[in-house]
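Just so it is clear, none of the values below were taken in a lab; they were calculated from the coordinates. These figures come from a predicted structure and were not determined experimentally. Reconstructed Cβ throughout: ideal geometry from the backbone, glycine too, with neighbour counts over all protein chains shown.
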Amino acid sequence: MKKGMGRIATFVWVMALLLSLAVAPGQGRGVAHAALPPGTSVALQGTPHLWIAGEDGLLHWAGDTRALAGRTVNWAGRLTVTLEQLRAQRRGDPWLSAGLLKDGDLIYL
């Protein structure tokens, strides 16, 4: 997909998101399964956490930048969402460059 087409697709999705929020304020359910263009970066409001829309139509948590090697990421089209909006999206496995370490109940990256 050409760079300009990706930006147009991201713009269309953002407009659909804003329209759904304007029509049904406070619900956020109108975007529950809206597919983001692959490569769209999604930031959780107030945190450093990022999810990237994959070719599979799911959001994948980006554990670190090395995990994004070879993947398309549209940094310019970043969306910032609330926790409620993120929970409404379909999410897949995290993209990690190394496994997670579990020590008792705690999990480390």
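Numbers for the structure displayed
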item	result
Residue that is nearest to G70 (Cα to Cα) [pool: residues in the range 33-50 that are hydrophobic (A, V, I, L, M, F, W, C) and either touching an Asp or Glu at 6+ places or on another chain (Cβ under 7 Å) or assigned to a loop (DSSP other than H, G, I, E, B) (or both)]	L36
Those residues of the range 51-68 which are part of a loop (DSSP other than H, G, I, E, B) and in contact with a strand residue (DSSP E or B) (Cβ under 7 Å, 6 or more places away or on another chain), in sequence order	G54, L58, G63
Positions within the range 78-103 being farther than 13 Å from V42 by Cβ and not hydrophobic (A, V, I, L, M, F, W, C), in sequence order	E84, D93, P94, S97, G99, K102, D103
